[in-house]
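Since the structure comes first, as structure tokens, the remarks are kept for the end.
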Amino acid sequence: MPDKNAFHSQKVDEVLEALDSSPEGITPGEAEKRLADLGPEREAPARASALRRFLGHFHNLLIYVLLVSAAITAVLGHMIDTVVILAVVIINAAIGFIQEGKAEKAMNAIRNMLAPRAEVLRDDHRTSIDASELVPGDVVLLEAGDRVPADLRLLRSRSLSIQEAILTGESVATDKNTEPVAEDAALGDRSCMAFSGTMVVAGQGRGVVVAVREQTEIGRISHMLETVEPLTTPLLNQMTIFSRRLTAVILVIAGALFSYGYWVGGMGFGETFMVVVGLSVAAIPEGLPAILTITLAVGVQAMARRNAIVRRLPAMETVGSISVICSDKTGTLTRNEMMVTSVMTGENEFTVTGEGYDPVGDVLLDDNPVHAGDHPQLKHLALAGLLCNDAELNKHEDDWQISGDPMEGALLALACKLDLSSTTESRNWERTDGIPFDSAEQYMATLNHNHENEAFIFVKGAPERLLPMCRDQRKTDGGNESLDQDRWDQCMEAMAESGQRMLAIACKPVPPEHTVLERSDVEEGLVLLGLTGLIDPPRAEAIDAIAECYTAGIKVKMITGDHPGTAAAIARQIGMQNPDKVLTGKELEDMDDDALADVVLDCDVFARTSAEHKLRLVVALQGHGMSVAMTGDGVNDAPALKRADVGIAMGQRGSEAAKEASELVLADDNFASIVAGIREGRTVYDNIKKVLAWTLPTNGGEAFTIIVAIMLGMSLPITPVQILWINLVTAVTLGIALAFEPTEPGTMERQPRSRDEPLLTGDLVWLIILISSLFVAGVFSMYSYAIERGYSIELARTIALNTLVVMEIFNLFYIRTLYGTSLSWRGLRGTPFVWLTITVVVLAQFAITYAPFMQAIFGTEAVSLRDGAIIVAVGVALLFIIEIEKQLRLRLMRRRAR
């Protein structure tokens, strides 16, 4: 079979000959033969059973450690702790099970977009068949409302317009014709083709099938989506590394401690074994997975409030590591609305202000507002655009929306800005007849009569089509003069360079008795009123968001299916870096991967791109070690969305395939929501670090306390059952409070962290060692103090237990601020969650210290008021010591940064 990629550059007769077909279609017998040659449709890859997928979520070293911890606590008879640990493991597995399988759902979403039935001609007889039975050479009939069932080379086109946003990302429907285009034409420029899965919005057409199934454009994307391997989030990678190292450290220390106690210390086997069990219980942070899950979940809720819906929980942390955003243009950086921004008349150039379809704004001449009555040319042009128009402009709540063509909606807004609303000027006119827009003719015309017994033909359309139909142009005083073709050519060139779409508007007076409009009435003798330049205006909030990205060290890339000139113009308006350097999809195809890797960092605007181009750009950026966020709404975006570190789909106009392949869905399709999400993602990562910096010293202090006691031949200052109490009470209260910490000042002024940055950085490891050591020193100091005063071993252990908990509380205030001082009103004031959890812990400690039944269970005794005050003083001293260390460390970091 001939290469389907060449059919758009061939004439109709050549295509039919190559496919051995005719305008009447192939015979039913030939169709059966070709269908047999195609073979059965490729089935989707078999999916693992639900049970196997669920059990797969237990295959993680940290989970194994937790299961061992559960077994140890069960042996110790602490079934409550066993149940809590097992519940954490099962809940984590359930969350992963529910969240997985999105790639398969994305595939199903693509398959559901294919048309189930097709109207075809076979041997010149119309018949309806299942779309899966189509073969190359079949002639398919298309009408408005149809979903295109295969890739077609158009044979006939009558006002045919097809919405191709799922493939090109552009919201404006594409007008179709039968004329061949250049062989290297981008997908969005192949006007003689209709692609599978796209929607016919107007007109009729007929096309010959050139590709079916996996050979179609949407089929190729489906295959790409199957083969693209999604990246594991940095958090999952780092947690895997962390759990391995933690397990290794615990096993080595436990083995060494057992050997020392049994062989050197002369302890019995059973006693030594229970000490090792106590060490394991102390060292394993049982509540850490639950706290991390809660931290991510809190971030998800915060993101939702900012119109960013997180679909995969671990991706919440990944959002904070984004170092480059690859954004679509239409609807994300722009409003997805057309707006008239300039008007060219015979002698003047006007600029138009406002936002989208909102009919509020000014028309400026030399930066001064003008009135329509002072400029007859401008008034006639706006009136013509108002009357030669089928759209409606309506206000929905606080938003203006249009029903109909976006360009016509923009002309309505222009008329309103000049006070030529439908309730004033247009009510004096009545449409008598009209010629609807035809993609072949490229214009629309109406015949209108007014109450003064005047009649005019108003025409709007493509300038290259209308200008040859014009003999004169309107003068400033309302008269006519000969058309200045050179001037209008210069105007069109300037508009094109600024990325504006152009509409020419013309008129023609006719006798009042003229009531029927024929094309012959329009083809000549028109008077050109002027040109309007339209553009999809940038979102005002996107401009501020991009500036914030640059402050935060985040690069922004625009990747669009639109024309290079339009892309560059929008890039300049929104303040992007290097807006004038634009690479097209054709230029990308001519580059190998090495060449692309060299230019991808310096170029920020990519136009006329396809699915393959977007995927290659994501891979190239990741090759530089960058964490890539990719936005998209069409099926063509799905492979790149899946490959990106963070795929971001549009919630309002995005296809289901794009949403299923993404980690994030924007409820408002707004670029500013991405930046707000990054701020929340950075906050979540900071809070995860805070959780680790608070949890690990606690467990480290407990473990080192046991180790030091064994090494010194002392009784344990805190018993294993008391350690379990601390882990149960404080880990699920104080640790959780850190999940709700607000964003620290200056968060969006820091550079993005490296995607390879370990969860436990050198600074964090040092902090853990320092605080663990201070915990050990505080516990042993208070334990020794109690023993020296002749207190019972139970009371000494109670004092040591409360000392450890109090130090954890003061450590919480310290950890809340990683990049500033904790000794400030903001730091000491805390949050409602902080004070709630502290209250719970304090009440629990009073209960274990003073309640008789708790004393019997945990071997505690009542502590005097004096000793209680000393315990609090130890916590205060801890806070001052580690705060001094933090300020010295931050000062050193700032010096290095200079």
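The values are calculated or read from the model by the stated rules, or taken from the named source; none is laboratory data. Since we're looking at a predicted model, the values are computed, not measured. Reconstructed Cβ throughout: ideal geometry from the backbone, glycine too, with neighbour counts over all protein chains shown.
Here are the numbers for the structure shown:
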{"read-out": "Complete set of residues in the stretch 785-834 that are modelled with pLDDT under 90, not β-branched (V, I, T) and not in a helix (DSSP H, G or I)", "value": "R816, L818, Y819, G820, S822, L823, S824, G830"}
{"read-out": "Residue match in the stretch 756-770 (condition: out of contact with any Ser or Thr (no Cβ under 7 Å at 6 or more places or on another chain), farther than 17 Å from F242 by Cα and buried (at least 22 other Cβ atoms within 10 Å of the Cβ))", "value": "no"}
{"read-out": "Test result for T551, surrounded by fewer than 19 Cβ atoms within 10 Å (Cβ to Cβ) and in contact with a Ser or Thr (Cβ under 7 Å, 6 or more places away or on another chain)", "value": "no"}
{"read-out": "The one condition in (1) within 23 Å of the chain's Cα centre (by Cα); (2) modelled with pLDDT of 80 or more; (3) crowded, with 16+ Cβ neighbours inside 10 Å that M782 fails to fulfil", "value": "(1)"}
{"read-out": "Flag for K508 being crowded, with 16+ Cβ neighbours inside 10 Å, farther than 30 Å from N336 by Cβ, over 48 Å from the mean Cα position of the chain (by Cα) and assigned by TED's automatic domain parsing to the domain that holds Q377", "value": "yes"}
{"read-out": "Any hit, the stretch 824-831, residues being among the charged types (D, E, K, R) and surrounded by fewer than 20 Cβ atoms within 10 Å (Cβ to Cβ)", "value": "yes"}
{"read-out": "Residue in the stretch 144-161 that is surrounded by the fewest Cβ atoms within 10 Å (Cβ to Cβ), counting only those that are more than 33 Å from the chain's Cα centre (by Cα) and among the small types (G, A, S)", "value": "S159"}
{"read-out": "Filter result for E749 (of a type in the set (D, E, K, R) and buried (at least 22 other Cβ atoms within 10 Å of the Cβ))", "value": "no"}
{"read-out": "Near pairs, Cβ below 7 angstrom, 6+ apart or cross-chain, from the stretch 796-811 (within 17 Å of I768 (Cα to Cα)) to any residue that is not in a helix (DSSP H, G or I)", "value": "L804/I718"}
{"read-out": "Conditions (1) modelled with pLDDT under 90; (2) of a type in the set (A, V, I, L, M, F, W, C); (3) not in a loop (DSSP other than H, G, I, E, B); number of the one not met by A445", "value": "(1)"}
{"read-out": "Qualifying positions in the stretch 457-507 - over 25 Å from A391 (Cβ atoms) and polar (S, T, N, Q)", "value": "Q473, T476, N480, S482, Q485, Q490"}
{"read-out": "Qualifying positions in the stretch 202-216 - modelled with pLDDT of 85 or more and of a type outside the set (A, V, I, L, M)", "value": "G205, R206, G207"}
{"read-out": "Pair list, Cβ under 9 Å, 6 or more apart: the stretch 476-489 residue modelled with pLDDT under 80 and part of a loop (DSSP other than H, G, I, E, B), other residue of a type in the set (S, T, Y) and surrounded by 12 or more Cβ atoms within 10 Å (Cβ to Cβ)", "value": "T476/T345"}
{"read-out": "In the stretch 600-655, the residues that are of a type outside the set (A, V, I, L, M, F, W, C), closer than 21 Å to S323 by Cα and assigned to a helix (DSSP H, G or I)", "value": "H613, K614, R616, Q622, D637, P639, K642, R643"}
{"read-out": "Among the candidates E430, E392, E408, residue that is within 16 Å of G533 (Cα to Cα) and without any contact (Cβ under 8 Å) to a residue 40 or more places away in the chain", "value": "E408"}
{"read-out": "Qualifying residue in the stretch 723-734 (condition: assigned by TED's automatic domain parsing to the domain that holds Y685, part of a loop (DSSP other than H, G, I, E, B) and within 23 Å of G830 (Cα to Cα))", "value": "yes"}
{"read-out": "Residue identified as among the hydrophobic types (A, V, I, L, M, F, W, C), at pLDDT 80 or above and buried (at least 19 other Cβ atoms within 10 Å of the Cβ) among L386, L292", "value": "L386"}
{"read-out": "Condition met for I546 (closer than 17 Å to T330 by Cβ, of a type in the set (A, V, I, L, M, F, W, C), out of contact with any Pro (no Cβ under 6 Å at 6 or more places or on another chain) and not assigned by TED's automatic domain parsing to the domain that holds A455)", "value": "yes"}
{"read-out": "Check on T584, in the same structural domain as G634 (by TED's automatic domain parsing), in contact with a Lys or Arg (Cβ under 7 Å, 6 or more places away or on another chain) and farther than 25 Å from Q377 by Cα", "value": "yes"}
{"read-out": "Inter-residue pairs, beta-carbon under 7 Å, first surrounded by 19 or more Cβ atoms within 10 Å (Cβ to Cβ) and in the stretch 6-24, second modelled with pLDDT of 85 or more and assigned to a helix (DSSP H, G or I), 6+ apart", "value": "F7/V15"}
{"read-out": "Any pair with Cβ under 7 angstrom, 6 or more apart, that starts in the stretch 119-138 at a residue that is within 16 Å of S22 (Cα to Cα) and ends at one that is among the polar types (S, T, N, Q) and crowded, with 17+ Cβ neighbours inside 10 Å", "value": "G137/S21"}
{"read-out": "Test set (1) at pLDDT below 85; (2) assigned to a helix (DSSP H, G or I) - R679 fails condition number", "value": "(1)"}
{"read-out": "Hits in the stretch 398-437 - residues which are more than 21 Å from T353 (Cβ to Cβ), in a strand (DSSP E or B) and either modelled with pLDDT under 80 or not assigned by TED's automatic domain parsing to the domain that holds V370 (or both)", "value": "S403"}
{"read-out": "Filter result for the condition that a residue is out of contact with any strand residue (DSSP E or B) (no Cβ under 9 Å at 6 or more places or on another chain) and under 24 Å from S773 (Cβ atoms), over L828, L843, L818", "value": "L818"}
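Condition check ((1) farther than 20 Å from A165 by Cβ; (2) surrounded by 23 or more Cβ atoms within 10 Å (Cβ to Cβ); (3) small (G, A, S)) across all residues:
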| site | (1), (2), (3) |
| --- | --- |
| L531 | yes, yes, no |
| G575 | yes, no, yes |
| E587 | yes, no, no |
| D592 | yes, no, no |
